[in-house]
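Peer 1: My questions will all concern the structure given below.
Values in this text are rule-based calculations from the coordinates and carry no lab data. Keep in mind it's a predicted model, so treat the numbers as computed, not measured. Positions of Cβ are generated from backbone atoms using ideal geometry, with glycine treated the same way; all protein chains shown enter the neighbour counts.
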Amino acid sequence: MSDRKPLMPKATAVWLVENTSLSFDQIALFCGMHLLEVKGIADGDVAAGIKGMDPITSGQLTREEIKRCEENDGANLRLAASKVEVPPVKTKKGPKYTPLSRRHDRPNAVLWLLRNHPELKDTQLMRLVGTTKPTIAQIRDRTHWNSPNLVPQDPVTMGLCSQIELDAEVRKSAARLAKERLDAGIPEPERAGTLLPTAETTGVSAAQIIQPKEKPAPKAETEAEEQARVFAKLKELSGGDKDKDADA
C-alpha cells in the first residue's frame, strides 16, 4: 500500500462514514487515522462540526474503487492517480532567525568572528549570526554606529550558533584556502613544531646535568654493637638518677 494519504484526512473520514458502507478499519487505514478515532466520528464524539469532504469530487477516489471495497471488507482503498503532476517545491534557506533579546549582541559576535576567524566569508558570517552584509562591512571598516562600544564575544557562548555549526564553517574555509593555495602553486605553510629538548636549548648534554647525591644506606648493626649501645644508654640513665638523688 502507498504511503500517500488523502488531503484533509479527518474531513474525508467524516464523508466516508456518512456516505459509504466501508468498515471502520478500511476508513482508518485509508485516512491514516486510529480505529477508535473513526469509531468516535461515527458516534459523534470526534470531529464534531467538521464538514465532510467528498474525495470523489476532489479526484482522490473513484466510485468504482469505493464500490470494490464495500463488497470486500479485506480490500484497501487506493488513492486515484493524480492527473496533475505538481513538482516538489524547493524551499530556499533564508537568513537565520535571531531572537529579539539577542539581536543587539550580533555586532559583538561579528567582531569576534572577524578577529578570530578572518578566513570566513561574509556569507558564512551571515549564516552563523543571522546578520546582513552591510552590517559586516561596517563592523570590519569600523564605521558601525556603535563601533566604540563593541566588545568581541563568542557567538557560541551567546547562543547565536552552536559549536558544531561554527566548526563546520571553519573546516569549509580551511579546505577552500588549501585548494586556493594548491591552484596558485603556493607551498603549504610550515606547521608549528614541538618544544625543543633541554640539551638543544641550553647546550648542556644529559651527562653534564648534575644529579642530586644519594644518601648512603645505613650500615647494618651487629648483635655485639647493639648490646653495647643498650648498656651505654642504661648506664647514662642510671647516672642521671643518682645525680638527682644527690641534689635532693
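Peer 1: If the chain between Phe231 and Lys133 were fully stretched, how many nm would it gain, using 0.36 nm times the residue separation less the Cα-Cα distance?
Peer 2: 25.5 nm
Peer 1: Work through the residues other than Leu150 whose Cβ is under 13 Å from its Cβ and net out their charges, Lys, Arg +1 and Asp, Glu -1.
Peer 2: My count for the surroundings of Leu150 gives +2.
Peer 1: Relative to a virtual label point 7 Å from the Cα of Asp25 in the Cα→beta-carbon direction, which members of segment 37-63 show backbone nitrogen distances below 16 Å?
Peer 2: 37-39
Peer 1: So, one more: Rank the residues Thr62, Thr135 as a footprinting-exposure proxy: fewest other Cβ atoms within 10 Å of their Cβ go first.
Peer 2: Going from sparsest to densest Cβ surroundings: Thr62, Thr135.
Peer 1: Say each of Ala75 and Lys5 gets a label point 7 Å from the Cα, pointing the same way as Cα to Cβ; how far apart are those two points in nm?
Peer 2: 2.5
Peer 1: How large is Rg over Rh for segment 101-184, taking Rg from the Cα atoms and Rh as the Kirkwood inverse mean of 1/r across Cα pairs?
Peer 2: 1.00
Peer 1: As a footprinting exposure proxy, order His34, His144 by other Cβ within 10 Å, with the fewest listed first.
Peer 2: Sorted ascending by nearby Cβ count, the order is His34, His144.
Peer 1: Once label points are set 7 Å from the Cα along Cα→Cβ at both Arg115 and Asn149, what is their separation, rounded to one decimal in nm?
Peer 2: In this crude spin-label approximation the distance works out to 1.8 nm.
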